[in-house]
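Here's the structure we're looking at; comments come further down.
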Amino acid sequence: MGREEEFYVVSGKEIKEGKVTDVYFMRTMEVLKARGLADKKVVMEVAARSLPNKIGWGILAGIEEVARLLEGKNVDVYSLPDGSLLRPWVPVMRIEGPYSEFGALETSILGFLCSLSGVATVSARVKFAAGDKTVVNFGIRRHHPAISLALEKASLIGGLDGSSGILVREIGMNPVGTMPHAMIILFGDQVKAWKAFDEVLPEDVPRVALVDTFFDEKTEALMAAEALQDRLYGVRLDTPASRRGNMSQIIKEVRWELDMRGYSHVKIFVSGGLNEYTVKEYSEAGADAFGVGSYIVGAKPIDFGMDIVEIEGRPIAKRGIKSGAKDLYLCDEHLIYKYVPRGERPPKCPICNKEMRYAYLKVVDSGKLNYKIEDIKHINERTKGLLKKLKDLGETL
Ligand code: PCP
């Protein structure tokens, strides 16, 4: 099939073959090979030079993809695992081997890490803002369909509670969603639509009624509660910007009116144009769950760089990069990283003075994939624990 029939997307096979690369790497290999330099053994390190909007922390994603990309290459790769805490200038990965083996893969290596860590970081910040309240990724409609599952996986690595795309079943998660305005409009009657939803769908589908189609949120929320009674799990407010006004007040009013009539079991789900700041605000106003789309999948890529730090054992780097291979250590209690020249003694945490633990995993060992691919649920739970610890340590949005 031609590119046009494949929607001009690049296949995983082509990525693995190194076809997603910048032409200057092709030219570089040609020049280096012509002068016998291409097979020099180098050490390259990957670090984020900054985090978007000068935030102090993020979440790393894309490590599994990079490990699989480098599988079969004559390299060793040391790295933090997916879901690790990200700090500026901390080397998250170290790749060692002949430059010709992986130099031209820099484009795809950074492409995976920059994009997926960006989505994981924004997801983590929204979840950090929501605390124990539910946050679901509603964003696959806002990005190119070819990478929808990759983006959903990254949002789950970032600690979200679920995602709406049906393909998440392939990574062991159940898709999460409510109902679209289209369904209500086709019935032409909110109550008929909600009742049909309740009558037709299996019991395990939560009954969350969208309550902003024709009338205001308070009116439709009470109509839904009266129609479905204790079968109603929640109402979704997806108020369009043209009507938004003071959304916190709308949430408080809906909560009040539901409680006044004995419907305190009905949850309030909010979606539409959300970010970590409005999620925090609406959570404080009484919302129980959130659907976030554009803000998560449209996350800015993290500004990772991949730089030579050693050639044939000799430390060397460009301006702005510290030369020499490094070992990375972490204090899990205080979430502090420290790196030292490779082989030096483990440093002590500057806060608790305890010896820090070696933070890298050897994810590729002489070309053999050595990365224990974790169930996404495990990474998700670990990230949630990290966010709680960040909060306990006084981190803020
Ligand atoms: C949107 C749709 C998306 C939500 C909001 C995410 O509502 O429900 O899942 O929006 P965001 O990208 O701004 O965060 P509509 O566009 O009204 O779609 P629908 O009628 O299907 O709810």
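The values are calculated or read from the model by the stated rules, or taken from the named source; none is laboratory data. Predicted model only: the values in this text are computed from it and were never measured. With ideal geometry, Cβ positions are generated from the backbone for all residues, glycine too; neighbour counts draw on all protein chains shown. The area values use the complete protein model at the heavy-atom level, side chains included, leaving out ligands, DNA and RNA. Shrake-Rupley method; radii C 1.70, N 1.55, O 1.52, S 1.80 Å.
What is the residue count in the range 253-281 for residues that are open to solvent by 20 Å² or more (accessible area, probe 1.4 Å), within 14 Å of the ligand (Cβ to nearest atom) and either hydroxyl-bearing (Ser, Thr, Tyr) or at pLDDT below 95 (or both)?
2
Every residue in the range 172-215 that is in contact (Cβ under 8 Å) with a residue 12 or more places away in the chain, within 15 Å of the ligand (Cβ to nearest atom) and more than 30 Å from Lys153 (Cβ to Cβ), please.
Once the filter is applied, which keeps residues that are in contact (Cβ under 8 Å) with a residue 12 or more places away in the chain, within 15 Å of the ligand (Cβ to nearest atom) and more than 30 Å from Lys153 (Cβ to Cβ), the range 172-215 yields Ile184, Ile185, Gln190, Ala193, Trp194, Val211, Asp212, Thr213, Phe214.
Could you tell me which numbered condition Phe304 fails, if it satisfies all but one of (1) in contact with a Lys or Arg (Cβ under 8 Å, 6 or more places away or on another chain); (2) over 20 Å from Lys54 (Cα atoms)?
(2)
Does Leu116 count as within 13 Å of the ligand (Cβ to nearest atom) and either closer than 26 Å to Ile373 by Cα or in contact with a strand residue (DSSP E or B) (Cβ under 8 Å, 6 or more places away or on another chain) (or both)?
no
Please give the helices (runs of 4 or more DSSP H) falling wholly within the range 121-225 in which 3 or more residues are outside the structural domain of Leu51 (by TED's automatic domain parsing) and open to solvent by 60 Å² or more (accessible area, probe 1.4 Å).
Values: elements: 148-157, 181-187, 190-200.
Of the helices (runs of 4 or more DSSP H) lying wholly inside the range 121-225, those with at least 3 residues that are outside the structural domain of Leu51 (by TED's automatic domain parsing) and open to solvent by 60 Å² or more (accessible area, probe 1.4 Å) span 181-187, 190-200.
Considering only the range 14-106, give the helices (runs of 4 or more DSSP H) lying wholly within it that have at least 1 residues that are out of contact with any helix residue (DSSP H, G or I) (no Cβ under 8 Å at 6 or more places or on another chain) and closer than 30 Å to Lys391 by Cα.
Per the criteria, 63-70.
Could you tell me which residue of the range 226-252 is nearest to Glu203 (Cα to Cα), considering only residues that are in a loop (DSSP other than H, G, I, E, B) and open to solvent by 40 Å² or more (accessible area, probe 1.4 Å)?
Going through the qualifying residues, I end up with Tyr233.
Yes or no: Ile321 farther than 19 Å from Leu80 by Cα and within 16 Å of the ligand (Cβ to nearest atom)?
Here the answer is no, as Ile321 does not meet what is asked.
I'd like to know if the range 151-167 contains one or more residues that are closer than 18 Å to Val297 by Cβ and among the basic types (Lys, Arg).
For the range 151-167, residues closer than 18 Å to Val297 by Cβ and among the basic types (Lys, Arg): present.
Going residue by residue through the range 344-363, is there one that turns out to be over 25 Å from the mean Cα position of the chain (by Cα), in contact (Cβ under 8 Å) with a residue 40 or more places away in the chain and over 22 Å from Val309 (Cβ atoms)?
no
What is the one condition in (1) in contact with a helix residue (DSSP H, G or I) (Cβ under 8 Å, 6 or more places away or on another chain); (2) crowded, with 16+ Cβ neighbours inside 10 Å that Gly298 does not satisfy?
All conditions pass for Gly298, except number (2).
Mind checking which residues of the range 304-314 are touching a strand residue (DSSP E or B) at 6+ places or on another chain (Cβ under 6 Å) and either within 12 Å of the ligand (Cβ to nearest atom) or under 30 Å from Gly139 (Cα atoms) (or both)?
Across the range 304-314, the qualifying residues are Phe304, Met306.
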